[in-house]
Amino acid sequence: MGAGDPTELVLGLVPSREADVLVENAEPLVAFLSEALGIPVQGFVPQNYPGLVAAMATGQAHIGAFGPFGLVQAVDEAGAEIVLQSGRDGSVTYHTQWMTNDPDTYCLDEPVANEDGLLFCNGTLEAEEGPIGEEAIALIEDGTTVSFVSETSASGYIFPAVQLVDAEIDHIDGIDPLFADGHDNSVIAVCNGVAPVGVSFNDARTILKEGDCDDLDQVVVFAYSVEIPNDGIAVAGDLSDDLKERITQAFLDYADTEEGQATLDAVYEIDAFSPADLDAFDVVREAAEKVGGSD
């Protein structure tokens with residue numbers, strides 16, 4: 001450790017679901033990091049992405065698990081360094097999924113089920129990457145309620161907003177946006193009929209708890225966005241190089257353990273970590289600029 005390094009580290013976890021669930025699921029990770037680094041590590045869940053960026057900018061957090069737009073914000077606004085990207089099913093990218101409870105309008109073919117019984121249409125079941133189904137996005141009419149996640153979520157707002165713009169739909173005034181404050185909540189909004197259309201990461205239907213949605217047959221995926229670089233881990237830029245390397249290695253080591261695989265799956269459905277491809281995040285900045293993102 002460097003002479004200026006903190007004697008306690010704070011790990012911030014951007015919420016993708018209910019905060020209390022995330023805190024509980026992350027407890028083994030926090031304990032492992034504390035032991036591996038020989039420094040007490042505390043975990044906390046901010047209200048949203050900007051909250052964790054602000055915490056890192058003011059020295060209140062030293063490690064951040066962010067979505068892709070949050071990673072960009074952390075670099076640009078807090079001087080953080082992206083050290084790792086998450087991997088899922090062998091991929092370091094993902095996409096927005098568009099969902100509906102009105103397949104008669106947005107499915108141009110018959111919905112089909114995967115092996116878990118989840119429904120897809122417009123070729124989304126067979127497609128491993130996006131974009132696909134964008135002709136159905138163009139069917140969204142003025143005033144339609146669309147469930148998003150938050151205004152700073154890459155898959156939950158920024159990239160689908162770009163698709164709306166590309167379909168010549170005003171992403172601010174042409175629809176009735178609903179911000180659900182969680183990918184799971186966006187699925188629930190569509191399931192419960194609060195919104196006929198919604199977006200989330202793929203496939204957020206699998207993270208729902210019992211009782212969240214009585215009938216997932218009500219939620220049909222009908223389109224995907226372009227591929228988005230996965231979420232990942234950023235560290236405070238003013239930490240010593242030695243501590244940054246030790247933090248990075250601790251995450252890699254944890255992902256190689258049986259407990260780590262179970263915990264990371266429970267927290268963010270992460271299979272593995274890999275070194276971050278910093279150039280891959282240019283597409284995130286470009287998308288944010290296109291829809292008027294200020295960060």
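Candidates SER91, ILE137, PHE222 compared by Cα position along the dipole of the chain: farthest toward the positive end lies SER91, with charges placed on Cβ.
The relative contact order of the stretch 94-228, computed from alpha carbon pairs under 8 Å that lie at least 6 residues apart in sequence, is 43 percent. Shown is the FRET efficiency for GLU289 and ALA57, computed with R0 = 22 Å from the Cβ-Cβ distance and rounded to the nearest 0.05: 0.55. Taking amide H as placed 1.01 Å from N in the peptide plane, the amide H of ASP231 sits under 5 Å from that of SER86, each at least 5 places away or on another chain. For ALA138, project a label point 7 Å along Cα to C-beta. Then give me every residue of the stretch 161-181 with its amide nitrogen under 15 Å of that point. In the stretch 161-181, the label zone of ALA138 (backbone N under 15 Å from the point 7 Å along Cα→Cβ) covers 163-170.
With contacts taken as Cα pairs under 8 Å and at least 6 residues apart, the chain reaches a relative contact order of 29 percent.
Taken together, the values in this text are just the output of simple stated rules run on the coordinates, not laboratory data. Source: prediction; values computed, not measured. Reconstructed Cβ throughout: ideal geometry from the backbone, glycine too, with neighbour counts over all protein chains shown.
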